[in-house]
Amino acid sequence: MPNIDRKWWKEAVVYQIYPRSFKDSDGDGVGDLRGIIEKLDYIKSLGVDTVWLTPVYPSPNDDNGYDVSDYCGIHPDFGSMADFDELLEGMHARGIRLVMDIVVNHSSDEHPWFVQSRSSRDNPYRDYYHWWPAEKGKPNYRYSFFDEDNNAWQYDATTDAYYLHYFSVKQPDLNWDNPEVRREVYKLMNFWAAKGVDGFRLDAFQLVAKDPEFPPLPESCAEDIKHVISYQAMDPKVHDYLQEMHREVFSKYDLMTVAEGAGNTFADAHALVDAERNELNMAYHFDGVHVGSSLAGYTLAEFRDVYTRWEEAFAEKGWLAIYLANHDVPRMVSKYGNDSPALRAASASLLNTFVLSMRGTPYVYYGDELGMTNTEFEGIADFQDIAARNSHKKALKDGVDMDTFMAQLKHLSRDNSRTPMQWDASPNAGFSSGTPWLRVNPNHSEINVAVQENHATSPLNYFRRLVQLRKDHPVLVYGSYQLWLPEHEQVYAYSRRLDDAAVLVLLNFSDAEASVDLPNELVPQGLLISNLAAALPVAGKLVLQPYQAIIFAL
Ligand code: GLC
């Protein structure tokens, strides 16, 4: 192969598992590690070679495990450390690597560090967190994502002081200025790395570095909450911390390291991931998932523009993750495709074609190989997520139009993507013999693994073929990206090129037929894959069916 910097983590296809919802082995309604062990052959059958497990540590579950109370343990709901060891062994035996979620912007307020820290002003753990003594007056405003008032400072009477929490009140932010905190973090990462895990996903990491003076927000922040969020992210010290983490942990192992969030600019993103900086392997940006995150939906032009800009900014160096869904956003087929019974299979397969044919490491969220959709909610009582519940309280306080608010919540809530995996058509979708912690999607009787196993053209079997195609064609991993037909209203077209290998990807993002007139320099030589019946173009012309995806060899 030519002069490309080959790495396993660039060639990997990552499958994200939300363990609460994947497979419950003991009937308590919560998915667990033994459930994942039962399904390892299924995971292997997908062709994916890396699993990202969202947090499995002890936690009071204010934010479903993203509030950790013991970083080196396993939550009893999920099993034991022996189960974890068996899971890791079972994965490695099948050639599957495991990436752990590291949540160290904040801990749980029930973590012993915080319990100590809040107990008195002179406790040795006091400086593990950010405290603001009340006699200094109210601290300057900081935004909190999950707080009922979006206020990141919580008054605590025990020591007459405020503590900082960028997420819920039960998720106090750790103080990364304190070298002891950093040492503790490297210790816990080394604990998992020594066990043999293969990588780390750093949760909310762009928020860790803070100015401990907490000065007033700059004026630009008054205009828009987005400015506040950008201001709170990417304090330059984040790079010192990552370089230190690299020295203390990453340099000792062969790990995949990925940050949630890629900063505010392309320069920020490069500074996080460019190889010579010795920070991270890759990051995932939010620009892609921000497209379509309102009831208005999105246009192909917006979608294509975001991915093309990022591709171009990373054409020469740096590496990114590519994803359309995870546990923080709705189901991809309901957001970017069409989840009606007639079109959901085709559109789910189209979206998977996109994710697996772009440059960057693809991340696929459990159930998206089936085209699992958003679910049905009646009222607020159906929502489990703290983000949904607290934003609802705030909306009531603010007196916003609740019909609009609920319509948005139903479409965009994170609970949509957290419903149990749909294994079969039985009452609990084969997920659990007990009562699932979150209601299974009623459409599991039609969308499930058992049904799709039996159909050669199901989204599941198409997904398997796609993963294999990516494995067989390094051009899909390393090839350069070039946009074609930039004005087409329905079709996203791009080529990938690596030496003398080249492919053309055509994606009809619409529910109508689309005519394509290829430029003369694009002459397809053969069909590599399509989710619907396809033929080579005649005189450069072809018609794509609604949501048809085609990859041609050039
Ligand atoms: C990240 C996680 C999200 C969590 C938040 C706080 O964004 O992906 O699920 O709620 O961090 O930890």
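Which is acidic (D, E), surrounded by fewer than 16 Cβ atoms within 10 Å (Cβ to Cβ) and over 21 Å from the mean Cα position of the chain (by Cα), of D41, D70, D83?
D41
Within the group A301, A325, A346, which residue is at pLDDT 95 or above, away from the ligand (no atom under 16 Å from the Cβ) and surrounded by 18 or more Cβ atoms within 10 Å (Cβ to Cβ)?
Step by step, each of A301, A325, A346 is checked, and only A346 is at pLDDT 95 or above, away from the ligand (no atom under 16 Å from the Cβ) and surrounded by 18 or more Cβ atoms within 10 Å (Cβ to Cβ).
Of the conditions (1) in a helix (DSSP H, G or I); (2) in contact with a Leu (Cβ under 8 Å, 6 or more places away or on another chain), W132 clears all except one; give me its number.
(1)
Counting residues that are in contact with a strand residue (DSSP E or B) (Cβ under 6 Å, 6 or more places away or on another chain), which helices (runs of 4 or more DSSP H) fully inside the range 266-351 reach at least 2?
It comes to 266-273, 300-313.
Out of everything in the range 73-92 that is of a type outside the set (S, T, N, Q) and part of a loop (DSSP other than H, G, I, E, B), what residue ends up being farthest from K210 (Cα to Cα)?
Filtering first and then ranking leaves G79.
Can you tell me which residue is farthest from the ligand (Cβ to nearest atom) among those in the range 158-173 that are within 17 Å of S119 (Cβ to Cβ) and touching a helix residue (DSSP H, G or I) at 6+ places or on another chain (Cβ under 9 Å)?
The qualifying residue farthest from the ligand (Cβ to nearest atom) is D160.
Residue-by-condition table, conditions (1) crowded, with 22+ Cβ neighbours inside 10 Å; (2) closer than 21 Å to P60 by Cα; (3) not aromatic (F, W, Y):
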| position | (1), (2), (3) |
| --- | --- |
| Y143 | no, no, no |
| A152 | yes, yes, yes |
| A157 | no, no, yes |
| Y166 | yes, yes, no |
| P172 | yes, yes, yes |
| N178 | no, no, yes |
| V181 | no, no, yes |
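Name the residue, out of S107, S119, that is of a type outside the set (D, E) and within 16 Å of the ligand (Cβ to nearest atom).
Checking each option against the conditions leaves just S107.
What are the residues in the range 530-554 that are without any contact (Cβ under 8 Å) to a residue 60 or more places away in the chain, closer than 23 Å to A456 by Cα and part of a loop (DSSP other than H, G, I, E, B), if any?
A533, A534, A535, L536
For the range 217-231, how many residues meet the condition of being free of Cβ contacts under 8 Å to residues at least 12 places away in the same chain and under 18 Å from G263 (Cα atoms)?
Residues in the range 217-231 being free of Cβ contacts under 8 Å to residues at least 12 places away in the same chain and under 18 Å from G263 (Cα atoms): 5 in total.
Could you list, in sequence order, all residues of the range 93-129 that are part of a helix (DSSP H, G or I), surrounded by fewer than 14 Cβ atoms within 10 Å (Cβ to Cβ) and not aliphatic (A, V, I, L, M)?
P112
Give just the number: which of (1) modelled with pLDDT of 95 or more; (2) more than 16 Å from the ligand (Cβ to nearest atom); (3) buried (at least 17 other Cβ atoms within 10 Å of the Cβ) does D240 not satisfy?
That leaves (3) as the condition not met.
Could you please find all residues in the range 85-104 being away from the ligand (no atom under 16 Å from the Cβ) and out of contact with any Asp or Glu (no Cβ under 7 Å at 6 or more places or on another chain)?
D85, E86, L87, L88, E89, G90, M91, H92, A93, R94 - these are the residues of the range 85-104 that are away from the ligand (no atom under 16 Å from the Cβ) and out of contact with any Asp or Glu (no Cβ under 7 Å at 6 or more places or on another chain).
Restricting the search to the range 65-84, which residues are touching a residue at least 60 places away in the same chain (Cβ under 8 Å) and within 16 Å of the ligand (Cβ to nearest atom)?
Y66, D67, Y71
Identify, from the list F191, F214, F200, the residue that is in contact (Cβ under 8 Å) with a residue 24 or more places away in the chain, part of a loop (DSSP other than H, G, I, E, B) and either crowded, with 18+ Cβ neighbours inside 10 Å or away from the ligand (no atom under 16 Å from the Cβ) (or both).
Checking each option against the conditions leaves just F214.
Check off (1) aliphatic (A, V, I, L, M); (2) in the same structural domain as F250 (by TED's automatic domain parsing); (3) closer than 22 Å to A233 by Cβ for V169 and give me the number that stays unchecked.
For V169, the exception is condition (2).
Can you tell me how many residues within the range 82-139 are at positive phi and assigned by TED's automatic domain parsing to the domain that holds E184?
Counting residues in the range 82-139 that are at positive phi and assigned by TED's automatic domain parsing to the domain that holds E184 gives 1.
Counting just the residues of the range 377-395 that are closer than 19 Å to F145 by Cβ and of a type in the set (D, E, K, R), which one comes out nearest to the ligand (Cβ to nearest atom)?
By that ranking, first place goes to D385.
Mind checking which pairs have a first residue in the range 263-280 that is more than 15 Å from D203 (Cα to Cα) and assigned by TED's automatic domain parsing to the domain that holds Y253 and a second that is buried (at least 16 other Cβ atoms within 10 Å of the Cβ) and of a type in the set (D, E, K, R), Cβ under 7 Å, 6 or more apart or different chains?
The qualifying pairs are V273/E279.
With the condition kept exactly as written, say whether any residue in the range 451-460 is crowded, with 18+ Cβ neighbours inside 10 Å, under 20 Å from G47 (Cβ atoms), out of contact with any Asp or Glu (no Cβ under 6 Å at 6 or more places or on another chain) and aliphatic (A, V, I, L, M).
No, the conditions are met nowhere in the range 451-460.
Need a quick list: strands (runs of 3 or more DSSP E) entirely within the range 451-529 having at least 3 residues that are touching a strand residue (DSSP E or B) at 6+ places or on another chain (Cβ under 8 Å) and closer than 20 Å to P546 by Cβ.
491-498, 501-508, 514-517
The values are calculated or read from the model by the stated rules, or taken from the named source; none is laboratory data. Nothing here was measured: the structure is a model prediction, and the numbers come from that model. Please note: Cβ atoms are built from the backbone with ideal geometry, for glycine as well, and neighbour counts cover all protein chains shown.
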